[in-house]
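Peer 1: One structure follows; several queries about it will come next.
The values are calculated or read from the model by the stated rules, or taken from the named source; none is laboratory data. None of these values were measured; they are calculated from a predicted model. Cβ coordinates were reconstructed from backbone atoms using ideal geometry, including for glycine residues, and neighbour counts include every protein chain displayed. To get the accessible areas, we keep the full protein, side chains included, count just its heavy atoms, and leave off ligands, DNA and RNA. Shrake-Rupley method; radii C 1.70, N 1.55, O 1.52, S 1.80 Å.
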Amino acid sequence: MKIAVIINSLNIGGAEKLVADSFPFVREKFPESELIVLKESKSFIFDSLKTKAIPVNFLTKASVYNPLLIFKLIPVLKRNEVVHFHLFPTLYWVVLASMLVKKKPYLIYTEHSTYNKRRDSKFFKWLDQCIYSRIDKIVSIADEVDVNLKTHLKHKLDNKIFCINNGVDLELIKNAKSYTKQELGFKEDDIILLQVSSFRFPKDQPTLLKALRKLPSKYKLLLAGDGELREDNEKLSIELGVADRVHFLGNRNDIPQLLKSVDIIVLSSNHEGLSLASIEAMASGKPFIASDVPGLTEIVKGYGLVFEKGNTQDLVEKILNLEQNPDLRHQVIADCQQRAQDFSLQKMLTAYTSLYLQATKNN
């Protein structure tokens, strides 16, 4: 079977990491599979694929929003039986390209977000319905994503939409070796907080920075990730007087080791799809606190701790409670690790393999 997996770029992001983690297994099962990336981009995600000798076919060095990419995708669609694609605008370009080929491949699209700005526009609501209607199967990565997408499409395509939870490599997290606090530049009695996320909307690092100001000075913060809002957050840390307690790490390829090295992991966000970072955090053996928002609530609540979105004081209280209540800390860790088992990479790959095999029978 010939399968093409297509995505915008290999920049740092949840969907990109998911593709990079899963594609080597897809290629092992289906050796003729190919990974197509619209825009040439080099990151540790690309490096991880290179290390595994996985070829990547880039289509352009220019913008992913150039509609001429439709014509570059046509040969890809012609030579593959199944095309599995992710993110906007890849969503539009693949569907439009499929309208220009004589024999359309079986189209599978994975929806990653609970919300996007297109859903606020009457024109794009109509256009989305046209685009999605030409896709054979639409996979949502979490229950909240599933519900919101079906509502956005006015339940006209419910028979095409179903949920396959994102998965992470739990063994990789389990076997990671931790750093000492000294290796990270801290004192032994410092309490280290960590958030792993891009500096883009919908992430909400400012709430975490404001919480840090209210915490004792022994609390330190690591922020791993990058993005256009990083500079704003660096300025905010200075304004809040906590810059000397915050380390902006940028993009890192040692996230499993960092997760195993800190005291508490936090994900402050406005909304998520299904956050791979949250699952990795829950699998790490460290207590996890997340915003009580779509995409996190249904994954974390009842296992890790959740705080009201943007409520700095609520977050501070949750953090202090974990320090002061060892029984709570141990219970949260155990519950989180158990919950993470529901989101293994192997479970996800088994579901997608079944979908690919079903596609060949139907096409």
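Peer 1: Please state the charge dipole magnitude for the chain, taken about the Cα centre, from unit charges on C-beta atoms (+1 on K and R, -1 on D and E), reported in debye and rounded to the nearest 20.
Peer 2: Dipole about the Cα centre, nearest 20: 1500 debye.
Peer 1: Which listed residue (139, 33, 11) has the Cα farthest towards the positive end of the charge dipole for the chain, taking +1 on Lys and Arg C-beta and -1 on Asp and Glu C-beta about the Cα centre?
Peer 2: 33
Peer 1: Taking only C-alpha pairs under 8 Å that are 6+ residues apart, what is the relative contact order of the stretch 262-363 in percent?
Peer 2: Relative CO of the stretch 262-363 lands at 26 percent.
Peer 1: Also, quick follow-up: Once Cα extents along the principal axes in Å is worked out from the coordinates, which option in [x] 66, 44, 38; [y] 55, 51, 38; [z] 60, 50, 45 does it equal?
Peer 2: [x]
Peer 1: Determine the shape class of the stretch 3-126: with a ≥ b ≥ c the square roots of the Cα gyration tensor eigenvalues, call it rounded for a/c under 1.5, and otherwise prolate if a/b is greater than b/c, oblate otherwise.
Peer 2: oblate
Peer 1: Please arrange 271, 155, 86 by accessible surface area, largest first, computed with a 1.4 Å probe and ligands excluded.
Peer 2: The most accessible residue leads, giving 155, 271, 86.
Peer 1: For the stretch 1-67, with all protein chains present and a 1.4 Å probe, just round the carbon and sulfur fraction of the accessible area to a whole percent.
Peer 2: On the stretch 1-67, the fraction of accessible area on carbon and sulfur atoms equals 52 percent.
Peer 1: Moving to a separate point now. About its Cα centre, how strong a charge dipole does the stretch 1-100 have in debye, to the nearest 20, once Lys and Arg get +1 and Asp and Glu get -1 at the Cβ?
Peer 2: 180 debye
Peer 1: Mind pulling the angle between the C-alpha long axis of helix 312-324 and the longest principal axis of the chain? Nearest 10 degrees, somewhere in 0 to 90.
Peer 2: 60 degrees
Peer 1: As a check on your grasp of the helix formula, calculate [θ] at 222 nm for the chain: sum -39500 (n - 2.57) over DSSP H runs of n ≥ 4, divide by the residue count, round to the nearest 500.
Peer 2: Taking each H run of at least 4 residues, the total per residue is -12500 deg cm²/dmol.
Peer 1: Would you kindly find the accessible area of residue 99, with a 1.4 Å probe and non-protein molecules such as ligands, DNA and RNA excluded, rounding to the nearest 10 Å²?
Peer 2: 100 Å²
Peer 1: Rounded to the nearest Å, what's the spacing between the alpha carbon centres of the stretch 159-191 and the stretch 226-290? Just the number, please.
Peer 2: 11 Å
Peer 1: Moving on. Could you derive backbone 3J(HN,Hα) for the stretch 129-136 from the dihedral phi with the Karplus parameters 6.51, -1.76 and 1.60 (θ = phi - 60°), listing whole Hz in sequence and x where the residue is Gly or Pro?
Peer 2: 4, 5, 5, 4, 5, 8, 8, 6
Peer 1: Quick one: which of 110-121, 284-295 comes out on top by average Cβ neighbours within 10 Å, and what's the full order, highest first?
Peer 2: Descending mean neighbour count gives 284-295, 110-121.
Peer 1: Which whole-number percentage describes the relative contact order of the chain, with Cα contacts under 8 Å and a sequence gap of 6 or more?
Peer 2: Computed value for the chain: 15 percent relative contact order.
Peer 1: Further question on the same structure: Going Cα to Cα from residue 154, which aspartates and glutamates come in below 18 Å? Please leave out same-chain ones fewer than 8 positions away.
Peer 2: Here the aspartates and glutamates satisfying the reach criterion relative to residue 154 are 111, 120, 128, 136, 143, 144, 146.
Peer 1: Taking the Cα atoms only, what angle lies between the long axis of helix 14-29 and the longest principal axis of the chain, rounded to 10 degrees?
Peer 2: Relative to the chain, helix 14-29 is tipped by roughly 50 degrees.
Peer 1: Rounded if a/c is under 1.5, else prolate if a/b beats b/c, else oblate: with a ≥ b ≥ c from the C-alpha gyration tensor eigenvalues square-rooted, which is the stretch 146-259?
Peer 2: Verdict is oblate for the stretch 146-259.
Peer 1: If one takes the longest principal axis of the Cα atoms in the chain, at what angle in degrees, from 0 to 90 and to the nearest 10, does the Cα axis of helix 69-78 lie?
Peer 2: Rounded to the nearest ten degrees, it is 70.
Peer 1: Once Lys and Arg get +1 and Asp and Glu get -1 on their Cβ, which of 107, 242, 201 lies farthest toward the positive end of the dipole of the chain?
Peer 2: Value: 107.
Peer 1: For the charge dipole of the stretch 196-313, defined by +1 on Lys and Arg C-beta atoms and -1 on Asp and Glu C-beta atoms about the Cα centroid, which residue among 295, 270, 215 has the Cα displaced farthest towards the positive pole?
Peer 2: Sorting the options by dipole projection puts first 215.
Peer 1: Suppose every K and R has +1 on its Cβ and every D and E has -1 on its Cβ; what is the size of the dipole of the stretch 134-211 about the Cα centre, in Debye to the nearest 20?
Peer 2: Charge dipole of the stretch 134-211: 480 debye, to the nearest 20.
Peer 1: Now a separate question. Under 1.5 on a/c is rounded, so check that first for the stretch 80-168, then, if it is not, pick prolate when a/b is larger than b/c and oblate when it is not; a ≥ b ≥ c are the square roots of the alpha carbon gyration tensor eigenvalues.
Peer 2: oblate
Peer 1: A further question follows. When ligands, DNA and RNA are left out and all protein chains stay put, how many square angstrom of accessible area per residue does the chain have with a 1.4 Å probe?
Peer 2: Value returned for the chain: 44 Å² of accessible area per residue.
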